[in-house]
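This report refers to the structure that appears directly beneath it.
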Amino acid sequence: MSRGLDNFPNRHNSLNAIRLGLATAVIVSHSWPIGGYGDDPQLGQLTLGRLAVAGFFAISGWLITQSRESTPLPSYLWRRFLRIYPGFLASLIVVAFVFAPVGSALDAGSWAFSDGVAFVGKNLAVHMSQFNVGATPSGVPYPGNWNSSLWTLFYEVLCYLLIGLCITAVPGRWLATVVVTLWLGATALQVGTNLGGTVAVFLELAPYFLAGATLYVLRQWIPLHWSLGLVSAVITTIMIAVGAAPALAALPLAYLMLWLGAALPLHLVGRRNDISYGMYVYAFPVQQLLVLAGAGAWSVGWFVLASTACTVPLAVASWFLIERPAQRYRRAADNLWAARRITSSR
């Protein structure tokens with residue numbers, strides 16, 4: 001495969017299949033602490049779950065930058081909202097009013113309707129500030145947390161806003177320079193500083209997103225070839241194995257994700273029905289409920305299989321009942337934007 005990244009197969013690629021695999025890797029990683037088997041599998045300074053999240057962000061950097069370049073800012077923001085928020089809100093409601101009361105019945109912990117309302121209300125802004133619902137979940141190896149996975153969505157939204165505003169504010173001829181500078185700056189800050197709080201977490205994830213964005217804005221000059229895919233895999237593996245700062249592996253990891261997306265013959269997986277997001281937002285509560293039902297007594301292998309199998313129906317329901325129907329409203333912002341442009345031109 002010797003074509004360049006500017007000829008990346010946008011319609012026939014395996015990125016959705018890779019994202020589904022990454023979501024499954026998060027399930028595998030979380031199985032250890034949730035099931036009481038020990039800490040997440042560790043790969044250098046990254047757990048398996050964090051490495052999967054890094055892959056998610058790298059792929060998003062490429063796709064979201066592409067989307068913003070071809071879509072006016074209002075439409076872009078509306079489409080990002082529809083892709084993230086309806087499924088997120090639905091997951092909060094399901095956890096608050098289905099998982100939590102069932103969990104309360106299983107472990108005799110306290111739950112009230114007002115607890116569910118409080119949980120949903122405090123997390124409406126995507127930034128997760130409360131993970132428990134009332135006194136649930138309790139009696140589990142990982143208590144007081146129904147859905148730890150959702151914390152990453154806030155930082156993904158920040159990345160959406162960053163690239164969206166960047167493309168709005170920066171002239172086209174300077175865009176590549178600015179995006180590369182942002183990637184280098186975020187990497188340098190992550191490696192060379194010891195900041196705390198929200199900024200530190202953002203800097204932990206932003207280099208991966210910005211690496212994907214960097215590959216997109218430089219796509220005309222970067223070949224898409226198996227040899228570079230192999231080199232990227234080797235560099236990523238070495239960086240992780242020697243315990244280097246994770247952000248240093250962001251660019252080779254992003255290239256590896258794209259090369260696999262072009263090379264793997266899995267383009268039919270998730271092409272029409274992408275359940276990877278649903279797998280990501282529902283796996284953690286499913287695993288907590290399985291432990292409450294006694295699945296923690298099984299081997300970790302069986303627990304992983306059960307967790308995956310029980311999450312799939314919820315992910316499918318999320319796609320068909322929430323996520324895909326929400327996409328029908330994507331053109332609303334397009335039509336409004338077009339109407340405003342016509343009005344302003346008169």
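Side notes on the structure shown:
- Failed criterion for T136 (all others in (1) touching a residue at least 40 places away in the same chain (Cβ under 8 Å); (2) crowded, with 20+ Cβ neighbours inside 10 Å hold): (1)
- Search result, residues across segment 12-38 that are without any contact (Cβ under 8 Å) to a residue 40 or more places away in the chain and either in a loop (DSSP other than H, G, I, E, B) or among the hydroxyl-bearing types (S, T, Y) (or both): S29, G38
- Per-region count, segment 202-228, residues aliphatic (A, V, I, L, M) and outside any helix (DSSP H, G or I): 3
- Test for P74: is it surrounded by fewer than 19 Cβ atoms within 10 Å (Cβ to Cβ), under 21 Å from the mean Cα position of the chain (by Cα) and at pLDDT below 95: no
- Residues that are at pLDDT below 95 and more than 30 Å from A262 (Cα to Cα) do occur in segment 148-158.
- Just one residue in the set G103, G61, G49 is among the small types (G, A, S), in a helix (DSSP H, G or I) and in contact with a His (Cβ under 9 Å, 6 or more places away or on another chain); that residue is G49.
- Listed by first and then second residue, the pairs linking a residue in segment 113-131 that is at positive phi to a residue that is assigned to a helix (DSSP H, G or I), with Cβ atoms under 6 Å apart and 6 or more places separating them unless they lie on different chains, are V126/L153; V126/F154; V126/V157.
- Against the criterion of being surrounded by fewer than 18 Cβ atoms within 10 Å (Cβ to Cβ) and closer than 22 Å to L46 by Cβ, A206 does not qualify.
- Which listed residue, of P9, P86, is in a helix (DSSP H, G or I), farther than 20 Å from T237 by Cα and not β-branched (V, I, T): P86
- Conditions (1) surrounded by fewer than 20 Cβ atoms within 10 Å (Cβ to Cβ); (2) within 25 Å of the chain's Cα centre (by Cα): number failed by S110: (2)
- N194 meets the conditions (1) free of Cβ contacts under 8 Å to residues at least 60 places away in the same chain; (2) touching an Asp or Glu at 6+ places or on another chain (Cβ under 7 Å) in every case but one. The failed one is (2).
Rundown of residues vs (1) among the small types (G, A, S); (2) surrounded by 15 or more Cβ atoms within 10 Å (Cβ to Cβ); (3) free of Cβ contacts under 8 Å to residues at least 24 places away in the same chain, yes/no style:
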{"residue": "I238", "(1), (2), (3)": "no, no, yes"}
{"residue": "V242", "(1), (2), (3)": "no, no, no"}
{"residue": "P252", "(1), (2), (3)": "no, yes, yes"}
{"residue": "Y255", "(1), (2), (3)": "no, yes, no"}
{"residue": "R272", "(1), (2), (3)": "no, no, yes"}
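- Hey, W183 farther than 30 Å from L106 by Cβ and touching a Leu at 6+ places or on another chain (Cβ under 7 Å) or not: yes
- The criterion of at least 3 residues that are among the β-branched types (V, I, T), within 30 Å of P101 (Cβ to Cβ) and at pLDDT 95 or above is met, among helices (runs of 4 or more DSSP H) falling completely within segment 229-346, by 276-292, 300-318.
- Residue check, V180 touching a Ser or Thr at 6+ places or on another chain (Cβ under 8 Å) and either assigned to a loop (DSSP other than H, G, I, E, B) or surrounded by fewer than 18 Cβ atoms within 10 Å (Cβ to Cβ) (or both): yes
- Test for T198: is it hydroxyl-bearing (S, T, Y), surrounded by 14 or more Cβ atoms within 10 Å (Cβ to Cβ), in a helix (DSSP H, G or I) and within 24 Å of the chain's Cα centre (by Cα): no
The values are calculated or read from the model by the stated rules, or taken from the named source; none is laboratory data. Given the structure is predicted, the values throughout are model-derived calculations rather than measurements. So basically every Cβ, Gly included, is an ideal-geometry build from the backbone, and we count neighbours across all protein chains shown.
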